[in-house]
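Below is one structure, written out as structure tokens, with a few remarks after it.
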Amino acid sequence: QVQLVESGGGLVQAGGSLRVSCAASGLTFSTYGLGWFRRAPGKEREFIIAISRSSSTVYNNDLEKGRFTISRDNAKNTVYLQMNSLKPEDTAVYYCAADRDGWPSGSPVDFDYWGQGTQVTVSS
């Protein structure tokens, strides 16, 4: 079965950087679109960024551009989220998701599989 396993979360100081990873199994990784979402305490799930099967990127225009970067390594079946200039309000559980169609938008309904999440805490 399809599994998505996030890793790399942790505690980081404001202004710092962090890269989280998501390792996928049970799917033909190169044909899937992939995305990252987050859920902060007391808030709804928020789309961050996605990457298509052709490695084009879909952004959330409400987020400061350049702070979040997505990349994929099809040889490793892994997608990455690079986060820079982190702020305390970035504290959340970060989830990766996979879209069977390969061409995700920012809507969670596009995504067929979800990981369990990794906690990112940004201290001030």
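The values are calculated or read from the model by the stated rules, or taken from the named source; none is laboratory data. Everything numeric in this text was worked out from a predicted model, so none of it was measured. Cβ: placed from backbone, ideal geometry, glycine included. Neighbour counts: every protein chain shown. Just the protein is used for accessible areas: all its heavy atoms, side chains included, with ligands, DNA and RNA removed. Shrake-Rupley method; radii C 1.70, N 1.55, O 1.52, S 1.80 Å.
Among DSSP bridges having both ends in the chain, what percentage is antiparallel? Round to the nearest 5.
Numbers: 37 of 41 bridges.
Bridges in the chain that DSSP calls antiparallel: roughly 90 percent.
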Practice problem: Give the Debye-formula value of log10 I(q)/I(0) at each listed q (0.10, 0.21 Å⁻¹), with one equal scatterer per alpha carbon of the chain, two decimals each. | Solution: -0.26, -1.18
Quiz item: Taking the chain as a Gaussian network, Cα atoms linked when under 10 Å apart, which of Ala23, Ala97, Ala50 shows the biggest mean-square fluctuation?
Solution: Ala23
Exercise. Just read off the accessible area of Ile70 with the full protein assembly in place, 1.4 Å probe, to the nearest 10 Å².
Key: 10 Å²
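Let me check I've understood the local charge: for Pro41, count other residues with C-beta under 13 angstrom from its C-beta, Lys and Arg +1, Asp and Glu -1. What total comes out?
Details: positive: Arg38, Arg39, Lys43, Arg45; negative: Glu44, Glu46, Glu89, Asp90.
My count for the surroundings of Pro41 gives 0.
Can you tally the net charge around Ala14? Count Lys and Arg as +1, Asp and Glu as -1, for every other residue whose Cβ sits under 11 Å from the Cβ of Ala14.
Numbers: positive: Lys87; negative: Glu89, Asp90.
The answer is -1.
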Exercise. Compute the length gained on full extension between Gln3 and Tyr59: take 0.36 nm times their separation in residues and subtract their Cα-Cα distance, giving the result in nm to one decimal.
Key: 17.7 nm
Quiz item: Pick from Gly42, Gly15, Gly106: which residue has the top mean-square fluctuation in a GNM of the chain where Cα pairs under 10 Å get a spring?
Solution: Gly42
Practice problem: Give the carbon-plus-sulfur fraction of the accessible surface of the stretch 11-124 in %, rounded to a whole number; probe 1.4 Å, heavy atoms of protein chains only. | Solution: 44 percent
Quiz item: Which lysines does Lys87 reach when only Cα atoms under 19 Å apart count, and residues fewer than 8 places away in its own chain are ignored?
Solution: Lys43, Lys65
Quiz item: How far is it, in nm, from the label point at Arg100 to the one at Lys76 when both lie 7 Å from their Cα along the line to the Cβ?
Solution: 2.8 nm
